[in-house]
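> Structure incoming, see below.
Here, each number is a calculation from the coordinates, and none is a lab measurement. Owing to the predicted nature of the structure, the values given are computational and were not obtained by experimental measurement. All Cβ positions, even for glycine, are placed from backbone atoms using ideal geometry, and neighbour counts span all protein chains on display.
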Amino acid sequence: MKDNSIDSKELIITRVFNFPRSLVWKAWSMPEMLKKWWGPKDYTCPVCKIDFRVGGKYLSCMRSPEGKDYWSTGIYRQIVPIKIIVMTDSFADEKGNVVPASYYGMQGEFPLELQVTVIFEDKGTKTVMTLQHLGLPGGKMTETTGDGWNQSFDKLEKVLIK
């Protein structure tokens, strides 16, 4: 199930997975699982490093079908096990240095740091996962970001099945 809400600075996506919350949580907290679903359709994640603790950092790479790498990094601000993850989100270079969106040729008023909150809730034997991505520039870029997240979550669904 998909539910999207988009306004100029905020993207909210709610998905229901037919799997226990602990498994969906692992897909976010374990790099070997995240590598299998991170990125839009036809993208891969060749690098994913996670220091999963409050104050810890992550660094991941999305590789396009054409071989272009897009790096992102952030800091975990809040972790409530199997309930909530709050982290910053920034474009980065391969060393983890924060770079502006223009580094990747993106247009729009992107702040250097955005915020992502993921909430995990039980719904019987299923998991309701709600993602909130704050600080997006709005318009087409927010729509494109929503498409990318939804394609990633489609891949996540397939990873959880295995």
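> Could you tell me whether residue 110 is more than 13 Å from the chain's Cα centre (by Cα), farther than 25 Å from residue 154 by Cα and hydrophobic (A, V, I, L, M, F, W, C)? Walk me through it before giving the result.
Details: more than 13 Å from the chain's Cα centre (by Cα): yes; farther than 25 Å from residue 154 by Cα: yes; hydrophobic (A, V, I, L, M, F, W, C): yes.
Answer is yes for this residue.
> Can you pull out the residues in segment 86-108 that are hydrophobic (A, V, I, L, M, F, W, C), closer than 20 Å to residue 9 by Cβ and assigned to a strand (DSSP E or B)?
Step one: filter segment 86-108 for residues hydrophobic (A, V, I, L, M, F, W, C), giving 86-87, 91-92, 98-99, 101, 106.
Pick out the ones that are also closer than 20 Å to residue 9 by Cβ and you get 86-87, 91, 98, 101, 106.
Passing the criteria: 86, 87, 91, 98.
> As an exercise: evaluate residue 45 against (1) of a type outside the set (Asp, Glu); (2) under 23 Å from residue 141 (Cβ atoms); (3) without any contact (Cβ under 8 Å) to a residue 12 or more places away in the chain and give the number of the one condition it does not meet.
(3) is the only condition that residue 45 fails.
> A further question on this structure: Checking residue 157 against (1) within 25 Å of residue 44 (Cβ to Cβ); (2) assigned to a strand (DSSP E or B); (3) acidic (Asp, Glu), which single condition isn't satisfied?
Going through the list (1) within 25 Å of residue 44 (Cβ to Cβ); (2) assigned to a strand (DSSP E or B); (3) acidic (Asp, Glu), residue 157 breaks only (2).
> Next question, about the same structure. Take the residues in segment 110-129 that are out of contact with any strand residue (DSSP E or B) (no Cβ under 7 Å at 6 or more places or on another chain) and assigned to a loop (DSSP other than H, G, I, E, B), then tell me which one is surrounded by the fewest Cβ atoms within 10 Å (Cβ to Cβ). I'd like the intermediate steps shown before the answer.
As a first pass, look at segment 110-129 and keep what is out of contact with any strand residue (DSSP E or B) (no Cβ under 7 Å at 6 or more places or on another chain): 110-111, 122, 124-125.
After this cut, where a residue has to be assigned to a loop (DSSP other than H, G, I, E, B) as well, the list is 110-111, 124-125.
Values: 110: 18, 111: 15, 124: 6, 125: 9.
Within segment 110-129, the match that is surrounded by the fewest Cβ atoms within 10 Å (Cβ to Cβ) is 124.
> Quick one: in segment 36-69, of everything that is under 13 Å from the mean Cα position of the chain (by Cα) and hydroxyl-bearing (Ser, Thr, Tyr), which residue is nearest to residue 153 (Cα to Cα)?
60
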